[in-house]
Amino acid sequence: MKRIKIKELLEGSATEKEVTVKGWVKAFRSKRFIALNDGSTINNMQIVIDFEKFDEALLNNVTVAAAISVTGKLVESQGTGQNVEIQATALEILGEAHPDEVSKTILQPKRHTLEKLREQAHLRFRTNTFSAVFRVRHALAYAIHKYFNDKGFVYLHTPIVTGSDAEGAGEMFKVSTLDPKNPPKTEEGNIDYSQDFFGKETNLTVSGQLEAELGALALSEVYTFGPTFRAENSNTTRHLAEFWMIEPEVAFNDLNDNMDLAEDFLKYCITNVLENCADDLAFLETRLQDEEKSKPQDQRSEMGLIDKLKFITDNEFVRLTYTEAIDILRNSKPNKKKKFEYLIESWGADLQSEHERFLVEKKFKKPVILTNYPADIKAFYMRQDDELPEAKPGMEVGPTVSAMDVLFPGIGEIAGGSQREERYENLVKGIKKFGIEEETVWWYLETRKFGTVPHSGFGLGFERLVLFCTGMGNIRDVIPFPRTPNN
Ligand code: 4AD
Ligand code: MG
């Protein structure tokens, strides 16, 4: 018989018809009730066994983690906890799971630490927590494509191997087929990359933005959604060496349009999760509550998971300039009482996530978009502002760019972008200032010669969004196979 997914059966009503389900055993109570899960939902199907009708040796193999196929009648459930259950008429073991082996793994039905689950990454999809996380991750990916598709954006696949450093931060993984032990050398004694596979030095992309700009300057509205790689040695709960990024890029949009797009887009994605992942969110909400209980009182979050999601969908994002933010931070309690790890003393300071979170969680109690950052701490492609910002008393300011960072509670920066420098001369100046070799980005510069227009875009870190929507504490737990320093 054709298998029916457990989710489909649980959402329907009792049919009294014969059905077949397949999945993995979560529990077998009193030799009578099997809890079966097939990953289609967080909820299990209850299978009722009349043990007199089954071979004892067969039932002995119905152990936790074993894969089975069950055929039986779908009936209204006698017990509480589920609407329907299956009265088994046939049962087949598809794959055994020996209890002695299971007891050594995270498949053993008890609480395991997230560290332990990470060590057995190959098995963690089987746990309730991770199956919920990855269903939410899928729902978000789907919502992202749907959002842009419905708005007429073109999905652009930008290259993974590239010769440029889009962010100019030098955090790239090299790609080479040269023998590392004995690479060919130039007369000056440097590695001769002209003999390398691509005839030049190449690396894994840190962002698809520069290529997306080429697309936007012809197709008007494009977005990328692909893997990006950063060899930054940040061992934090918010950084991965391999992560996925969504980068919309829109011709004719200025910074304000860019902020409107980011706000609308993020609200759409989160609304979608609230509407379509109710069961998984309920489970993750409880998980988060349990985790919060184990923390000291003063470190507990005041918001539950659903509250946090509604905090985004129900609030208008506060928009303020970097200069205004520095003024607020400089005069804030944690700054004066030296509670921040990095104290804000002067204009020009790079903001840390503690500052971003202060603005969102304590000062405004709303999501925040910060704009017009100092040119020196942002990338070369950002549009140079024509005027200096208005200084606050006792503050020395410098030139700024039309940058924007979107800040969320618990996370800090979730997306970052800008209006792009569309003026050829200014862009060349920016490239020189940041010490970028012109020959690696000549193709990018060219676009400013042939019908250049104002345009804007941003990058959303996909895992940061999944982290936010699942209430997980560590970004390693929202990507199937995390790549981080030394791991
Ligand atoms: O702020 P970033 O570096 O911006 C860019 O790459 C631009 N090219 C985007 C654009 O304008 N098209 O990165 C964008 C986002 C960050 O806001 C953050 O959410 C995420 O990518 N991100 C990371 N996520 C996980 N691990 C890392 N190491 C990340 N670095 C950045
Ligand atoms: Mg950024």
Could you grab the pairs with beta carbons closer than 6 Å, sequence gap of 6+ or different chains, first residue in the range 8-23 and closer than 22 Å to Ser131 by Cβ, second one assigned to a loop (DSSP other than H, G, I, E, B)?
Leu10/Asn43; Val19/Ile4; Thr20/Met1; Gly23/Asp38
Do you know which of the residues in the range 275-302 that are surrounded by fewer than 16 Cβ atoms within 10 Å (Cβ to Cβ) and among the aliphatic types (A, V, I, L, M) is nearest to Arg135 (Cα to Cα)?
Ala278
Listed by range, helices (runs of 4 or more DSSP H) wholly within the range 33-129 having at least 2 residues that are under 30 Å from Gly473 (Cα atoms) and of a type outside the set (Asp, Glu) are 114-119
Considering the range 327-355 alone, what residues qualify as being assigned to a loop (DSSP other than H, G, I, E, B) and of a type in the set (Ser, Thr, Tyr)?
Ser332, Tyr342, Ser346
Show the residue pairs meeting these rules: Cβ distance below 8 Å; 6+ apart or different chains; first residue within the range 47-65 and closer than 16 Å to Val25 by Cα; second residue part of a helix (DSSP H, G or I) and of a type outside the set (Asp, Glu).
Ile49/Leu59; Leu59/Phe51; Thr63/Pro99; Thr63/Val102; Val64/Pro99; Val64/Val102; Ala65/Val102; Ala65/Arg126
What do you reckon, is Glu275 touching a residue at least 60 places away in the same chain (Cβ under 8 Å) and of a type in the set (Asp, Glu)?
no
Output the residues belonging to the range 242-257 that are over 17 Å from Leu210 (Cβ atoms) and within 16 Å of ligand 2 (Cβ to nearest atom).
Phe243, Trp244, Leu255
Counting only residues that are of a type in the set (D, E, K, R) and either within 16 Å of ligand 2 (Cβ to nearest atom) or exposed (fewer than 11 other Cβ atoms within 10 Å of the Cβ) (or both), the range 166-185 contains a total of 4
For the range 183-279, please list each of the strands (runs of 3 or more DSSP E) lying entirely inside it that holds at least 3 residues being under 30 Å from Lys151 (Cα atoms).
221-229, 242-251
Of residues in the range 455-473 being within 11 Å of Arg238 (Cα to Cα) and of a type in the set (Gly, Ala, Ser), the one nearest to ligand 2 (Cβ to nearest atom):
Gly461
Single residue of Gly412, Gly398, Gly435, Gly430 found to be closer than 19 Å to Gln352 by Cα and not aromatic (Phe, Trp, Tyr):
Gly412
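Only the coordinates and a few stated rules stand behind these numbers; no lab work does. As the structure is a computational prediction, the values presented were derived from the model and not from experiment. Using ideal geometry, Cβ is built from the backbone for each residue, glycine included, and neighbour counts are taken over all protein chains shown.
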